[in-house]
Structure formats: structure tokens, C-alpha cells
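Any read-out appearing in this document is the output of simple, stated calculations on the displayed coordinates, not a laboratory observation. Keep in mind the model is a prediction, meaning the values are calculated, not measured. When we count neighbours, we look across all protein chains shown, and the Cβ atoms used for this are built from the backbone with ideal geometry, even at glycine.
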Amino acid sequence: MKTAVLVYSGGLDTTVCIPLAREQYGFQRVITVTVDVGQPREDIEDAAERAKILGAEHYTVDAKAEFARDYCVPAVQANANYQGYPLSTSIARPIIAAKAAHVAEQIGEVDAFIHGCTGKGNDQFRIEYMLRTMMPRVEIIAPMREHNMTRAEEVEYARERGVPIQQSAEKIWSIDENLWGRSIEGGRLEDPSFIPPEEIFRWTRSANDAPEEPRLVELRLEQGVPVALDGQAMEPLSLIQAMNEIAGQHGVGRIDIMEDRMIGLKVRENYECPAAVALITAHRALEALVGTRDELKFKEQADRAWAELAYAGLWLDPFKETLEAFILKLQERVTGTVTLRFFKGQVAVVARESRWALYDQAMASFDDKTFDQSEMAGAVKAHGLPARLYYQLKQSR
Ligand code: ARG
């Protein structure tokens, strides 16, 4: 029996892929795999239900804890930042594809993978790369990209075949959600001069509606891993969930940027990433306390390179491994506590401490004599010697 595994979110694109797989590609057996990386419960349940109505064999894989530990935590350690975006959608793609490949492996005799990515986005690169890397011999089909269907055509096609699709007001926006963030695109947001309406946000309050009282949170990190909130030890999954609540309530984590996609297309993106913004802010502050100036300068470059690889979905790239060797070596000292202050859409670092702090209060203090200032005279004289010679040369011509 011709069998396909469909990487299935339950949204319009991937739902339409079920009848397409049968009608256009002749698969008799369609297996849908939905990977739970922290999207809303209803989405997971709806996906399962729709798949069943359409006669697919459905699997839901709960990957939340693994996603938190092996994807979100490394993103914290690398201060994940691509053009101001903490890479929430990007880092979920490799694990989604890997889990789908895993199901295919278990089932055996799978002829093809099907995914719902369009030809304009980044996800086609990320998903296919991972599927192809894990199972190089299985064919990959992208019906949305091949058929170049518009949203209206998809809705029409779905209606004709009795495909159950939601037509709520929600659906004017294209939303992608996981533990690390929520992305909102489409509709009028495609116009960069359109101000995002309050209704697009679900995880964050507006700064106006945020509590009038600031909230202080003490975050403990060990080797660059967030391990406790206000003294309470937590696994990455529950810590991220708790942080999403706190930061979101105070209106922290809204991001509105122009983003350069992999194919070179510029798009307007809106995100809500409360935990990501808060945790990365804290992590950066702790790195600044324990790293030398040279280490921090180099770390910025490593982080940028890491973000580019993560954005491209190249999760198994050898360069990513070598970068992480450096990143993890530095993390050995990123242990300590950071106090964050949440207030009216802002998060600020208000205190930090670490036993690895490369900081000597006595030396830095204005009120201390352990550092003999008079010894500095010679070093100051030599400062900028070439620049001084150059300046004189220019004056004399
Ligand atoms: N531009 C982001 C990325 O490529 C997120 C895209 C999310 N998709 C959506 N339908 N909202 O990582």
C-alpha cells in the first residue's frame, strides 16, 4: 500500500494535504503526525479529530519537555536573536520533523513524507532538511508549493470535499505557536504601516493594562541553564511556562519587526515571546558578570552565527556543534542569580550575583586605595600612539 507520513499541524494547509495526498498523489494510507511543542491544547485535539474525520491514521507526539530542554535551553545559552526575533518558530521545526521521521521509522515501508510548507517561507528549508537528513531515501512532497494554491483556493477545495475547517475570526491571522513564542502574520499585518490591533495578542497584556505594581523575580541559572524561579527549583518546561505567565502578564515580549527571510523576502513579523525575552535578558546579564571582555566580544559573534544556523533550521550542522563547544565552555561559569523587574511592558535586570563574577568591588570602587592610580600614568601615555603620530603627520602637510 502506498503510504505517506504527513507532518501535520491541523491548520488549513496541512488539512488540505490529506485529500490531496489521496487524489493527486495516489497514497492509499495517509499517516498524520502532530508534534506537541506547546501549542494550545485545542489545536492538538482539533488536529487529531480532523485527521480522524478525514480517515487518516493519526499520531500525536508530546515533545514539550524535550523541546524545552534541548532546544529552548540552548537558545537561552546562545542568547537567541535573529534581527530581534528569539527564533521561536525556527527552533521548533527541527524537532517536529525529527519526530515525524521517528514515527515513519517505527512504521516502516513509508514511501513519502508530505508537508504543508509554501514556497515563500522558511519552513520548507527547515523541515525538508531535517527529514532528508534523518531518512535520506524517503521522497518528500510539498503539495502547497507544487500547486501554488492561494488561501481562498484552499478554503474552496476544502469545502468541496467536506474538509472540516474552522472559520472563526481568529483565522484572519496566520498563527504559529509553541512554548518559546507565538507568531502572528497575515491579514492587514502584511502592511508594515498598519498598527497591530490588540486582538492579535494572546500571551501578553498591553503595557496599559499591565499591573500598576512592578514584580521582582529572582532567577537562578546553573551553567547557563535556568533552574529556579524565586527559589523554587523547576524543570525547563515548567520554568518556561511560568515565565511566559509572569512576563506576559506584565506586557513583556511583544516584538514587531521587519524580518529578512531565507529567500531574501522581507516580511513584517509580530511575535509574543515573554519567557524568551525575559530569560535571555537574565542570561545575558549573568554572562556580562562572569565573562572577560574578549570572551563576550567573541560570544556575540558566536551567538550571531548560531542564530543564523538556527534560523535556517540547520540543527545538525557541524558548525553548530563547534560553536556550541565554545558556548558551552563559557556556560560552565554562567552560574548565579539575576533579579528581573517586570513593569508595564518592560523587563529590566536590577541585581545579579555569581561566585564566578570577574568583579572586584574594592578595585572598582571610588572609595578604595588598593589600586594605586599613580601607576597608570605610563599606560595612559602610550594609549593611541599610532593615532597621535597620524594626527601630527596630517597637521604638517
Ligand atoms: N518568520 C518566522 C520564522 O520563519 C515565523 C513564521 C511563523 N509562521 C506563521 N504562520 N505565523 O521563523
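Simple spin-label estimate for Gln24 and Trp356 gives 5.1 nm between the two label positions (7 Å along the Cα-to-Cβ direction from each Cα). Projecting the Cα atoms of Val338, Ala51, His115 onto the dipole axis of the chain, where Lys and Arg carry +1 and Asp and Glu carry -1 at the beta carbon, places Val338 farthest toward the positive end.
Remark: segment 57-72, residue by residue, has Karplus-estimated 3J(HN,Hα) of 8, 10, 10, 10, 10, 7, 10, 4, 5, 5, 4, 4, 6, 9, 10, 6 Hz, where x stands for each Gly or Pro and the curve is 6.51 cos²θ - 1.76 cosθ + 1.60 at θ = phi - 60°. Amide H contacts of Gly10: Thr15, each under 5 Å away and 5 or more positions distant or on a separate chain (H built 1.01 Å from N in the peptide plane; Pro and chain starts excluded).
By its C-alpha gyration tensor, with a ≥ b ≥ c as the square roots of the eigenvalues, how is segment 237-303 shaped: rounded for a/c under 1.5, else prolate for a/b larger than b/c, else oblate? Oblate shape, in that a/c is at least 1.5 and b/c is the bigger or equal ratio. On full extension, the segment bounded by Glu222 and Lys52 gains 56.8 nm, given 0.36 nm per residue less the C-alpha separation.
Nearest 20 debye, what's the magnitude of the dipole of the chain about its Cα centre given +1 on Lys and Arg Cβ and -1 on Asp and Glu Cβ? Before the final figure, lay out the partial values.
Numbers: 46 positive and 60 negative charges, 237 e Å.
About 1140 debye.
May I ask you to derive the FRET efficiency for Asn208 and Ile263 from their Cβ-Cβ distance with R0 = 41 Å, giving the value to the nearest 0.05? Before the final figure, lay out each step's value.
Values: r = 38 Å, r/R0 = 0.91.
My answer for the efficiency is 0.65.
Tell me, what does the Kirkwood hydrodynamic radius of segment 155-282 come to in angstroms if you use every pair of distinct C-alpha atoms?
Every distinct Cα pair counted, the radius reaches 16.8 Å.
7 Å from Cα along Cα→Cβ at both Lys369 and Arg137: what's the point-to-point distance in nm? Result: 8.1 nm between the two label points. If you bin every alpha carbon distance in the chain into 10 Å steps from zero, what whole percent lands in each bin? Values per bin, smallest distances first: 4, 20, 27, 22, 13, 7, 3, 2, 0. For a straight C-alpha distance cut-off of 24 angstrom, the lysines reachable from Lys297 (same-chain residues fewer than eight places away being disregarded) are Lys320, Lys329.
Please check: in the Gaussian network model of the chain (C-alpha springs, under 10 Å), which one of Tyr129, Tyr157, Tyr311 has the largest mean-square fluctuation. Greatest mean-square fluctuation among the candidates belongs to Tyr157. Phi-derived couplings, Karplus 6.51 cos²θ - 1.76 cosθ + 1.60 at θ = phi - 60°, listed residue by residue for segment 368-380: 10, 10, 4, 9, 7, 4, 5, 5, 7, 3, x, 4, 5 Hz, with x used for Gly and Pro. Distances between placed amide hydrogens fall under 5 Å for Thr32 paired with Leu6, Glu57, His58, Tyr59, all partners being 5 or more residues away or on another chain.
When Met1, Met149, Met258 are arranged by Cβ crowding within 10 Å, least crowded first, meaning fewest neighbours, the order is Met1, Met258, Met149. Whole-Hz Karplus values for segment 47-55 come out as 4, 4, 5, 4, 4, 5, 4, 8, x Hz, taken residue by residue from phi with 6.51 cos²θ - 1.76 cosθ + 1.60 and θ = phi - 60°; glycine and proline positions read x.
The GNM of the chain, with springs linking C-alpha atoms under 10 angstrom apart, assigns the highest mean-square fluctuation among Phe342, Phe201, Phe371 to Phe371.
Pairs of Cα atoms under 8 Å, at least six residues apart: use those to get the relative contact order of the chain, whole percent. List each step's numbers first, then the result.
Details: 706 pairs, mean separation 69.5, N = 397.
Worked out over the chain, it gives 18 percent.
Among Ser374, Ser354, Ser193, whose mean-square fluctuation peaks in a Gaussian network model of the chain (Cα, cutoff 10 Å)? The residue with the greatest mean-square fluctuation here is Ser374.
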